[in-house]
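Step one of this worksheet: look at the structure below.
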Amino acid sequence: MVENFLDKAYALETAEDTKALYDAWSKSYEDEVGENGYATPLRLATAIAQHVAPDTRILDFGCGTGLCGMALRSVGLTNIDGADLSDEMLKGAQAKGIYKDLWRVQADAPLDFETGTYDAITACGVIGVGAAPIEVFDTLMNALAPKGKLAFSFNDHALADPIFEAKVMEYTDCGFASLLVREYGDHLPGIDMKSMVYVIEKN
């Protein structure tokens, strides 16, 4: 019998628990989310592709097995690096041959690249309940080059907690960033879950 991990993912509380679950989930992850119609990667890739050049250097943060990277490639974006907390997920991403560079991030550690290295960062399903904490949003925004784009999503669990959208408004209301896309749509239709996809530009 195949173990179901999807429900467990939304109950995670620590980075160590998250890494352990995604390491264990790596081999069946794509099948499980695929069975539930995982729609956010293509929605997010389509959104960011409207606001960056095809050769823009992109970091797919929290790349997992590479589903968002595949979506980015499908809309014509090819200059992509990836990073993830899980070694086992990264093996799946490596096997796809779509990333120029891949590395494992350490929870609560500074990002291992200079500010401005990337003109766009994607974080598809990365920040939210049972996933990366909202502080990761600040980390990614600080890492972007000026006029860089951050494309990310919040699923229904995250949207139910006002701190997540409040963080976006914290940046856009003060003029530190401009909201380019905010679009609600399918996330995992198989479990009747939706997500909001955003693209914001660092001013």
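The values are calculated or read from the model by the stated rules, or taken from the named source; none is laboratory data. This is a predicted model, so every value here is computed, not measured. Virtual Cβ from ideal backbone geometry, glycine too; neighbours counted across all protein chains shown. When the accessible area is computed, the model is the full protein with side chains, heavy atoms only, and any ligands, DNA or RNA have been set aside. Shrake-Rupley method; radii C 1.70, N 1.55, O 1.52, S 1.80 Å.
Only one of the numbered conditions (1) among the hydrophobic types (A, V, I, L, M, F, W, C); (2) over 15 Å from the mean Cα position of the chain (by Cα); (3) assigned to a strand (DSSP E or B); (4) at pLDDT 95 or above is violated by Ile98, and that is (3).
A quick yes/no check of all residues on (1) more than 27 Å from Asp55 (Cα to Cα); (2) in contact with an Asp or Glu (Cβ under 6 Å, 6 or more places away or on another chain):
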residue	(1), (2)
Ala143	no, no
His157	yes, no
Val168	no, no
Leu180	no, yes
Glu183	no, no
Leu188	yes, no
Asp192	yes, no
Met196	no, no
Asn203	no, no
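Pairing each residue of the stretch 161-178 that is under 15 Å from Leu140 (Cα atoms) with any residue that is part of a loop (DSSP other than H, G, I, E, B) and not polar (S, T, N, Q), provided the two are 6+ apart or on different chains, yields C-beta distances under 7 Å for Phe164/Gly128; Phe164/Ile134; Lys167/Ile134.
Among residues of the stretch 158-203 being among the aromatic types (Phe, Trp, Tyr) and under 20 Å from Pro133 (Cα atoms), the one that is surrounded by the most Cβ atoms within 10 Å (Cβ to Cβ) is Tyr198. Of all the residues in the stretch 68-89, those that are modelled with pLDDT under 95 and part of a helix (DSSP H, G or I) number 3. Scanning the stretch 91-127 for residues that are touching a strand residue (DSSP E or B) at 6+ places or on another chain (Cβ under 8 Å) and under 25 Å from Gly185 (Cβ atoms) yields a count of 10. When the stretch 111-130 is filtered for residues that are surrounded by fewer than 21 Cβ atoms within 10 Å (Cβ to Cβ) and touching a residue at least 12 places away in the same chain (Cβ under 8 Å), the ones remaining, listed by number, are Leu111, Phe113, Thr115, Gly116, Thr117, Asp119, Val129, Gly130.
Is it fair to say Gly62 is more than 11 Å from the chain's Cα centre (by Cα) and open to solvent by less than 30 Å² (accessible area, probe 1.4 Å)? Here the answer is no, as Gly62 does not meet what is asked.
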